[in-house]
1. Which condition does TYR347 not pass, out of (1) under 24 Å from ILE16 (Cβ atoms); (2) open to solvent by 60 Å² or more (accessible area, probe 1.4 Å); (3) among the aromatic types (Phe, Trp, Tyr), if it passes all the others?
2. Scan the stretch 389-416 for residues that are more than 24 Å from SER8 (Cα to Cα) and either outside any helix (DSSP H, G or I) or open to solvent by less than 20 Å² (accessible area, probe 1.4 Å) (or both) and report the count.
3. So, ALA135, is that one closer than 14 Å to ALA163 by Cβ, in contact with a Cys (Cβ under 9 Å, 6 or more places away or on another chain) and either open to solvent by 40 Å² or more (accessible area, probe 1.4 Å) or outside any strand (DSSP E or B) (or both) or not?
4. I'd like the full set of residues that are open to solvent by less than 10 Å² (accessible area, probe 1.4 Å) and more than 13 Å from GLY267 (Cβ to Cβ), limited to the stretch 306-319.
5. Can you tell me which residues in the stretch 350-370 are farther than 30 Å from SER93 by Cα, assigned to a loop (DSSP other than H, G, I, E, B) and open to solvent by less than 60 Å² (accessible area, probe 1.4 Å)?
6. Would you mind telling me which numbered condition in (1) over 17 Å from the mean Cα position of the chain (by Cα); (2) at negative phi ASN221 fails?
7. Residue under question is ILE420, and the condition is that it be surrounded by 21 or more Cβ atoms within 10 Å (Cβ to Cβ) and of a type in the set (Val, Ile, Thr); does it hold?
Amino acid sequence: MKVLVVGSGGREHALILKLRESPKVTKIYAAPGNGGISAVAELADIKATDIDGMLAFAKEKSIDFAVIAPDDPLVLGMGDAFEAAGIPTFGPSKAAAAIEGSKVFSKNLMKKYGIPTASYETFDDEDAAVAYLKAQGRYPAVVKADGLALGKGVIIAADEKEACDAVHAMMGDKIFGASGSHIVIEEYLEGPEVSVLAFTDGKTLVPMVSSKDHKRAFDGNKGLNTGGMGTIAPNPFYTSEIAAQCMETIFLPTIEAMRKEGRPFKGCLYFGLMVTKDGPKVIEYNCRFGDPETQVVLPLLKTDLFEIMEAVHDGRLGEIQVEFSSQCAACVILASGGYPQKYQTGYPIAGLDGDGQVPGVTIYHAGTKRQDGQFATSGGRVLGITALGDTLDEALDKSYKAAEGIAFTGAYRRSDIGRIC
């Protein structure tokens, strides 16, 4: 089988490395891919959102199966285009991808079907949003852009000024473009965060190993929200009792709600959860594998990923036995100085072998390119250093030790991944 993986980050690198383990997969193309991915797949210089260009390439190469990894092309309907062309695809339809593409839609879905989440109101007028904040007077408050914003469209405001500034930045200054034309203002939930990715064919749902993302840029959960500075799996706060509660009150009701709405979800559904004193609640949904959660979840997957994806596509996930290792995994992100705001790229990376790897760990390339015969930085999050261990401490120690041997100008990382909640 010839497989096309759409996307260019660490998540896509993780998917490709796992797909390569399948005896059914003989050739992998990645579009657009990155420097590290070039060592394990053939790259095509096509933007992930270029539906026509991607489809033409898939036809030219006689692709047997497509995996659409990022949110943008899914929300734009790339999966629908591939399926209409007769190319089996892992990833939800445009209608189902709205569960991430519109926070207004997802919040209203949860309200309609009684799925536990934070209380909220939605707005398409800046003055009305500001008036609501002032009338409520409850802080912290959470302000969310309705649409996609590269994982940065959520602002936790400590007081009225920060909240009103966030509303103006989204709705007035349009810092997230059209994604901020509509916003959600919701109550601030407290408790440990948990990420759970799940395979689903629209009928059966199989949760993967839980994980914990560290979104803030700096130690102590300080600084701006990023796309994720590191992850661990499994999440120590996700007990078997909470898992059972989530299956009953959140996971299965969400799949059923999407089916009833005429938007059956097939692919990977990401549940961003908060374990509150009142039980687990949904913070957000994603319509695809999380990044960098994928970099700690997939290394623990024992079952053939490609077989799972085929079963999801064919509506027979219930026939597959999905198994995970009992080990722990940790991923530490090396980022460019200045990220998630302005940063420079093009710096050579020292400490990697010819395939962009380091013995004893797996290096997932997120923002790298080949330059003058070596790897160089090309993005904000550059590398994800993932290690496995029988305990979380063992995995973290391996990951951090490997990180010490990798260097590029301006590189920074958090030193408390897995040590702080």
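The values are calculated or read from the model by the stated rules, or taken from the named source; none is laboratory data. Every value quoted in this text rests on a predicted model; they were computed, and no experiment measured them. Cβ coordinates were reconstructed from backbone atoms using ideal geometry, including for glycine residues, and neighbour counts include every protein chain displayed. Surface accessibility is based on the protein's heavy atoms, side chains included, excluding ligands, DNA and RNA. Shrake-Rupley method; radii C 1.70, N 1.55, O 1.52, S 1.80 Å.
1. (1)
2. The total comes to 8.
3. Values: closer than 14 Å to ALA163 by Cβ: yes; in contact with a Cys (Cβ under 9 Å, 6 or more places away or on another chain): no; either open to solvent by 40 Å² or more (accessible area, probe 1.4 Å) or outside any strand (DSSP E or B) (or both): yes.
So ALA135 does not fit the description; no.
4. Residue satisfying the conditions is PHE306 alone.
5. GLY351, LEU352, GLY354, GLY356, GLN357, VAL358, VAL361, listed by residue number.
6. Condition (2) is where ASN221 drops out.
7. No.
Conditions (1) open to solvent by 60 Å² or more (accessible area, probe 1.4 Å); (2) farther than 30 Å from ILE333 by Cα; (3) at pLDDT 95 or above, marked per residue:
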site: MET208; (1), (2), (3): no, no, yes
site: PHE218; (1), (2), (3): yes, no, yes
site: ASN221; (1), (2), (3): no, no, no
site: GLY227; (1), (2), (3): no, no, no
site: ALA233; (1), (2), (3): no, no, yes
site: SER240; (1), (2), (3): yes, no, yes
site: ILE255; (1), (2), (3): no, yes, yes
site: MET258; (1), (2), (3): no, yes, yes
site: ARG263; (1), (2), (3): yes, yes, yes
